[in-house]
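S.K.: Quick one: the structure is below, and I'll ask about it shortly.
The values are calculated or read from the model by the stated rules, or taken from the named source; none is laboratory data. Everything numeric here is computed off the predicted structure, so don't read it as measured data. Methodologically, a virtual Cβ is constructed for each residue, glycine included, from the backbone with ideal geometry; neighbour enumeration extends over all protein chains shown. Side chains included, ligands, DNA and RNA excluded: accessible areas come from the protein's heavy atoms. Shrake-Rupley method; radii C 1.70, N 1.55, O 1.52, S 1.80 Å.
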Amino acid sequence: MFSFRKKASPRSTTRLFFATDLHGSERTFRKFINAAKFYHVQILILGGDVLGKIAVPIIREPSGNFRATLHGRVQRITTAAELTAFQEQLGLLGFYFKIMEEDEYQRLRADPTAVELLFQQLARERLESWIELAEARLADTGTLCYVTGGNDDYPEVLDVLNRPDAQYVFAAEDKVLQVDAQHTLISHGFSTPTPWHTPREVPDEQLGQMIDKLIARVDDPAHCIFNFHEPPVDSTLDTCPQLDWSTDPPAQITRAGQVVMFGAGSRSVRTAIEKTQPLLSLHGHIHESPGAVRIGKTLCINPGSEYGEGVLRGCILNLSAGQIDSYQLTAG
């Protein structure tokens, strides 16, 4: 005597790739978009700090040559090939640039407000070019890309992500998004105060209130992915040198000749994870602390960042039926 047993249906798996803290780096962003095809993923998630930090004026001199200052050193540029190479170097570093005449440069030096407006214009133009590139590369692939800002990112620039005609690249900030039939994604990009007084910083208590309001809109936290820019405090994903905020620029604190390390993450983020226990929590902000840890049942990941070297650090994850089947930190 024998019987037939119905074969179990294979579980539907969603494969996603997460990276963060690209800080305007052209090469690193291109690698991020290409990761969709390279790693065969359906979902790309780009964490915060999308924008660069520095704009470099390239000054045209009466001779027809150019000069610019990079890392405190004056660069002399005499040929078109040198100019192209210099611009590519700036793009790799995540820096913006503008070619200008000497009189425009001098006017800008005397007007901090004009400098700020120019920086935001250049940042907006690069982000718009990234969106255009991503829309073209992801067309007809079935891969979707969700982007959020970080503490370094200007809200006025991030607004370009909110496009009514978006097809493949979507703003994720402060939204509950359906990643697939079983998993949702919520994203938040603010951080607690830093020595650099970046555009989107709030006290930890206020950060917790903002996060709680977002979590309250999630029906099933156990099947939710948190994409919070700042990592949870004392999680090893937030370990970095302790800085003296009274110096300009902030200096590393040393003791007995050794750099003092500490957990720079958010208590509110950790509390939210401990209380809610989402499936997965993705973080960035602290570039030098890549890793994966568990807080209760929640897998927490910070892939780290080496954007200035053109290295894309990220994490591939396979999700199915409300669980993480596998994950792998990557660099390349």
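S.K.: Pick out the one residue from HIS229, HIS197 that is open to solvent by 60 Å² or more (accessible area, probe 1.4 Å), out of contact with any Leu (no Cβ under 8 Å at 6 or more places or on another chain) and of a type outside the set (Phe, Trp, Tyr). Steps first, answer last, please.
M.R.: Working: HIS229 fails: open to solvent by 60 Å² or more (accessible area, probe 1.4 Å).
The unique qualifying residue is HIS197.
S.K.: Condition (residue is assigned to a strand (DSSP E or B), among the hydrophobic types (A, V, I, L, M, F, W, C), within 18 Å of ALA331 (Cβ to Cβ) and touching a strand residue (DSSP E or B) at 6+ places or on another chain (Cβ under 6 Å)) applied to the range 27-34: is it met by at least one residue? It would help to see each step written out before you state the result.
M.R.: Filtering the range 27-34 down to residues assigned to a strand (DSSP E or B) leaves none.
Checked against the condition, which is being assigned to a strand (DSSP E or B), among the hydrophobic types (A, V, I, L, M, F, W, C), within 18 Å of ALA331 (Cβ to Cβ) and touching a strand residue (DSSP E or B) at 6+ places or on another chain (Cβ under 6 Å), the range 27-34 yields no hits at all.
S.K.: Next question, about the same structure. Residues in the range 98-154 that are in contact with a helix residue (DSSP H, G or I) (Cβ under 9 Å, 6 or more places away or on another chain), more than 29 Å from THR14 (Cβ to Cβ), among the charged types (D, E, K, R) and touching a residue at least 40 places away in the same chain (Cβ under 8 Å): how many?
M.R.: 2
S.K.: Does the range 234-250 include one or more residues that are under 27 Å from ILE43 (Cα atoms), touching a Gly at 6+ places or on another chain (Cβ under 7 Å) and of a type outside the set (Ser, Thr, Tyr)?
M.R.: So far as the range 234-250 goes, yes, one or more of its residues are under 27 Å from ILE43 (Cα atoms), touching a Gly at 6+ places or on another chain (Cβ under 7 Å) and of a type outside the set (Ser, Thr, Tyr).
S.K.: If I filter the range 22-29 for residues that are among the hydrophobic types (A, V, I, L, M, F, W, C) and more than 21 Å from the chain's Cα centre (by Cα), do I get at least one hit?
M.R.: No, the range 22-29 has no match at all.
This table checks each residue for (1) more than 19 Å from ILE295 (Cα to Cα); (2) small (Gly, Ala, Ser).
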{"position": "ILE186", "(1), (2)": "no, no"}
{"position": "SER191", "(1), (2)": "yes, yes"}
{"position": "PRO195", "(1), (2)": "yes, no"}
{"position": "GLU205", "(1), (2)": "yes, no"}
{"position": "ILE215", "(1), (2)": "no, no"}
{"position": "PHE226", "(1), (2)": "no, no"}
{"position": "GLU230", "(1), (2)": "no, no"}
{"position": "ASP234", "(1), (2)": "no, no"}
{"position": "TRP245", "(1), (2)": "yes, no"}
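S.K.: Shifting gears a bit: Taking the stated definitions as given, is GLY142 of a type in the set (Gly, Ala, Ser), over 16 Å from ASP49 (Cα atoms), surrounded by fewer than 20 Cβ atoms within 10 Å (Cβ to Cβ) and in contact with a strand residue (DSSP E or B) (Cβ under 9 Å, 6 or more places away or on another chain)?
M.R.: Judged against the criteria, GLY142 is not a match.
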